[in-house]
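The values are calculated or read from the model by the stated rules, or taken from the named source; none is laboratory data. These figures come from a predicted structure and were not determined experimentally. Every residue, glycine among them, receives a Cβ derived from its backbone with ideal geometry; neighbour counts consider all protein chains shown. Surface accessibility is based on the protein's heavy atoms, side chains included, excluding ligands, DNA and RNA. Shrake-Rupley method; radii C 1.70, N 1.55, O 1.52, S 1.80 Å.
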Amino acid sequence: MSPFSLLYKWVMQFRNHLYNIEYKAIFQFETTVISVGNLSVGGTGKTPMVEYIIRFLLKNKLENKITTLSRGYGRNTKGFRMANEQDDANTLGDEPFQIYRKFRPAINVAVGEDRVLAIPSILYEQPENEVIILDDAFQHRSVKPNLSIVLSDYQHLFYKDYVLPSGRLRESRSGVSRADALVITKCPDNLSAEEMGNIRESASIYMRDKPIYFSGISYGNCYSPYMERPVKEKIAVVTGIAHPEPLLEFLKSKYKICKHFRFQDHHYLSSNEIQEIALFAQENQVDVLTTEKDWVKLINHSNFEASLKNHLFYVPMMVQFLDEEKSFQQLIEETLKEH
C-alpha cells in the first residue's frame, strides 16, 4: 500500500474510533431505518438492491409508509428536499429520480446531505412513515440503522481490495464487521456452490458469522413508452454507470452493438453529446439502448432530441438472489417486527 493509502486508512480508522467510543454522536430514530451501502467507490448495485427492498416492503402492505433517503449525488440543489412532480434528475440526482419515477406515489423519495437533519424532516412531513431506506450510507456513522446491509461486487471483492488510492475501498476491510449482512452482488448465474463456499469462508473472517448472501442482475425486456415495436437487430449503447460490462455482455447475446457511447458514472450528457447520439442513430438506422438511470437523464434533458424518441429504449434491471433469498427477506421482516 502507498503512504497515501496508509494515511487515508489511519484517518478513517480514527474517525470510526471516535464513533465507537461515542465521542462523536450517533443518533437512533423511532422509525425503522434500513441502510444499504458498501465499502468501495464505484457501482456495487446499491440502487437495484434498494428497489428490491422497496418491492418486498410494498408486498408487506407498507404502501405510503416508505421513504428512501440519499444524498442526491450530482443534483444542482442543496439541502433537504422531498421529491414532487416538478422534480427531475437535475434537482434530485439520477438514482433518486429513477426510484421516484418508478414507485410514486406508493413511496416517498427524499434527498439531503445531512441524514441526521433529513430524517426528522421526513417524519415531520410524513407522520405515517414507518420505514426509511438509506442509500449509500454505510460510512454515515452519525445515524444508527436498525438493519445495515453492505454490498460487495463479485468482480471486486472487498477482502481482495485496498484502501484508496491504492485500491477502491473507502475504509479498511474490517469496517464490514459493522454490517448486519453482506451481499455479494453481480455474481454470474452459474456461480458454483464451491465458489460460494470459498467466498463465504474468506469474507467470514471480517463478518464474524453474520449472514452472507449472493445475488446477480436480471435484465428485463427493453422498453420504450414511445413505441410498441421490438428493438432492431443493430443497436448503439449509451451508459453512464461505473461498470457497464455485464450489461454489454447481455446485449451482445441478443443484438449487434455498432457503437458504445461510454461515459463516467452519473455523467449528465451535454446537448452536443445528445445530438451526436441522435445523429448516429439516424444515419446508421440503429436503435439506442441505455440503462434506466441514464434514461431518466436523457428524456428530461432540456435539449432532448425529439428524433431520438423513435430510437430510444432502456433495459430494466433487477436483483436476483442466487440462494437463501427467503433468509434475506426474513432478516428484513424480523427488523420490522423488532422495531
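For this structure, a couple of remarks:
- Taking all protein chains into account, the per residue accessible area for the stretch 242-320 stands at 47 Å² (1.4 Å probe).
- Set Lys46/Lys232; Lys186/Lys326; Lys9/Lys293; Lys9/Lys186; Lys59/Lys337; Lys61/Lys102 screened for pairs whose C-alpha atoms are more than 24 Å apart: Lys46/Lys232; Lys9/Lys293; Lys9/Lys186
- Only DSSP H runs of four or more residues enter the estimate; each adds -39500 (n - 2.57), and after division by the residues of the chain the mean residue ellipticity at 222 nm equals -10500 deg cm²/dmol.
- Segment Arg200-Asn60, extension gain: residue separation times 0.36 nm, minus the distance between their alpha carbons: 47.4 nm
- Rounded to the nearest 10 degrees, the inclination of helix 94-103 to the longest alpha-carbon principal axis of the chain is 80 degrees.
- For the chain, the longest principal axis of the alpha carbon atoms and the long axis of helix 115-125 meet at an angle near 70°.
- Extension gain, Asn272 to Glu334, is 17.3 nm, computed as 0.36 nm per intervening residue step minus the present C-alpha separation.
- Full-stretch length increase - Gln155, Leu18 - with 0.36 nm per residue and alpha-carbon distance subtracted: 46.1 nm
- Protection proxy ranking for 42-49, 57-64, using the average of other Cβ atoms within 10 Å per residue and placing the highest first: 42-49, 57-64.
- Qualifying chymotrypsin sites (Phe, Trp or Tyr not before Pro) in the stretch 46-105, where qualification requires a DSSP coil assignment and no more than 16 other C-beta atoms within 10 Å, comprise Tyr73.
- Element breakdown for the chain at a 1.4 angstrom probe: carbon and sulfur atoms account for 48% of the accessible area.
- Once the C-beta distance of Ser2 and Glu130 is scaled by a Förster radius of 41 Å, the resulting FRET efficiency is 0.35 to the nearest 0.05.
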